[in-house]
Amino acid sequence: MEGGLGESTSVPPPQSPSCSGNGANDAGDFECNICFELAQDPIVTLCGHLFCWPCLYRWLHHHSHSQECPVCKALVEEEKLVPLYGRGKTQSDPRSKSYPGIDIPHRPSGQRPETAPLPDANQFANYGFGFMGGFVPMATARIGNFTLATAFGGLIPSLFNIQFHGFPDATVYGTTSGFPYGFHSFHGGHAHGFPQPSSRGQQADNVLKNLLLVIGVFVILALLCW
Amino acid sequence: MTSSSAPSRKALSKIACNRLQKEMVEWQVNPPAGFKHKVTDNLQRWVIEVSGAPGTLYANEIYQLQVDFPEHYPMEAPQVIFLPPAPLHPHIYSNGHICLDILYDSWSPAMTVSSVCISILSMLSSSTVKQRPADNDRYVKNCRNGRSPKETRWWFHDDKV
Ligand SMILES: [Zn+2]
Ligand SMILES: [Zn+2]
């Protein structure tokens with residue numbers, strides 16, 4: 001229901017006549033409960049009611065007698081408001097100008113809990129270290145600063161391969177995360193123990209190379225014919 | 001209301017204007033039962049016809065509400081009065097002023113003309129006796145100079161009627 005209405009009291013054709021109240025029902029979920037526009041600098045109270053920050057601020061500080069939610073009268077504490085950050089928009093707010101004479105401070109910012117820990121990091125690290133024993137120092141030395149567990153697990157087979165076959169191309173065999181294979185091959189010492197995902201990757205690589213070759217030939221032919 | 005609820009003839013702010021247009025559209029799509037908006041081109045003053053609900057003391061009676069919007073609507077409540085003759089009701093004065101908390105201290109900007117109308121109709125419907133408020137004459141005399149009900153210091157009788 002944003003925009004749309006001109007200055008005159010023109011009446012848009014009633015959308016589905018059965019729809020109640022909210023002209024555009026989808027957008028209605030995101031309309032400010034004070035100005036009825038799409039909420040700008042949206043903010044949500046703990047009771048779940050959505051407002052433009054300037055609208056709510058103005059109500060709480062200049063008009064209401066008590067700090068209560070305009071919709072449900074629940075107590076509103078400013079430090080417990082939750083801003084909504086959608087995609088794209090910056091925080092500049094043209095609307096605050098349309099409340100002339102009132103300085104509207106910046107919208108309260110979100111309270112960000114600390115970054116979530118990587119789900120399995122410790123588990124893998126411990127598992128890996130215990131399992132691999134004496135190979136670890138060598139592995140870390142070769143890998144350099146790849147310290148993430150997933151990369152670690154993934155690179156084991158490649159190191160293994162490098163050791164036994166001298167393949168310099170770590171990416172082909174390594175990063176396709178086949179640590180079960182990796183660990184096994186370490187212990188078993190199969191010289192030809194390629195992780196399966198890797199060989200599939202290699203096939204794909206070959207197909208790609210062939211494709212490029214064909215395209216190249218076509219280009220050369222085309223050039224010659226011109 | 002902390003800011004002056006002064007002469008409601010100050011033009012509507014842009015926000016008030018936008019919001020009233022939305023309310024008008026909503027009203028036309030879905031008017032509250034028992035009410036009819038008398039169309040004018042004045043967005044700032046609505047005149048609304050109320051029909052007493054069937055089965056109540058006011059059944060088959062028709063009254064008119066006049067709703068004036070202040071510059072900073074909906075931050076400030078609209079002024080709502082009955083045009084004469086006002087219904088005989090323990091909370092409605094003979095000059096049309098209505099003693100109803102949501103029109104004054106309990107106003108909230110999330111309310112709408114429509115929700116106010118519904119409250120007024122329910123106030124009418126729950127009445128058990130057709131009479132004026134006890135202090136009617138005194139109050140009306142005090143308002144002779146054209147005082148708005150919004151400037152009255154209301155205390156609200158009770159929640160029942
Ligand atoms: Zn708003
Ligand atoms: Zn609420």
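The values are calculated or read from the model by the stated rules, or taken from the named source; none is laboratory data. This is a predicted model, so every value here is computed, not measured. Virtual Cβ from ideal backbone geometry, glycine too; neighbours counted across all protein chains shown. Side chains included, ligands, DNA and RNA excluded: accessible areas come from the protein's heavy atoms. Shrake-Rupley method; radii C 1.70, N 1.55, O 1.52, S 1.80 Å.
Summing charges over all other residues whose Cβ lies under 12 Å from the Cβ of B:SER115, with Lys and Arg as +1 and Asp and Glu as -1, gives -2. Taking trypsin sites (Lys or Arg not before Pro) across segment B:76-154, the ones in a DSSP loop with at most 13 further Cβ atoms lying within 10 angstrom of their Cβ are B:LYS130, B:ARG144, B:ARG147, B:ARG153.
Taking each residue as 0.36 nm, the span from B:ASP135 to B:ARG153 lengthens on full extension beyond its C-alpha to C-alpha distance by 5.1 nm.
Short to long, the 5 Å bins of the Cα pair-distance histogram for chain B hold 1, 8, 19, 23, 21, 16, 9, 3, 0 percent of all pairs. Look at the stretch B:100-110: the mean tally of other chain Cβ atoms within 10 Å of its residues' Cβ atoms is 4.
Taking every residue in A:56-63 and counting other chain Cβ atoms within 10 Å of its Cβ, the average works out to 3.
Taking only protein heavy atoms into account and a 1.4 Å probe, give the accessible area per residue of chain B in Å². For chain B, the solvent-accessible area averages 47 Å² per residue.
Grab the beta carbon distance between A:GLU79 and B:ASP105, set R0 = 30 Å, and tell me the FRET efficiency rounded to 0.05.
Numbers: r = 26 Å, r/R0 = 0.88.
It comes out at approximately 0.70.
Using the Cα gyration tensor of segment B:48-119, with a ≥ b ≥ c the square roots of its eigenvalues, what is the shape: rounded (a/c below 1.5), prolate (a/b larger than b/c) or oblate (neither)? Prolate shape, in that a/c is at least 1.5 and a/b is the bigger ratio.
Across B:VAL113, B:VAL39, B:VAL50, mean-square fluctuation computed from a Gaussian network of chain B (C-alpha pairs under 10 Å connected) peaks at B:VAL39.
Counting 0.36 nm for each residue step from A:THR115 to A:ILE220 and taking away their Cα separation leaves a gain of 32.5 nm.
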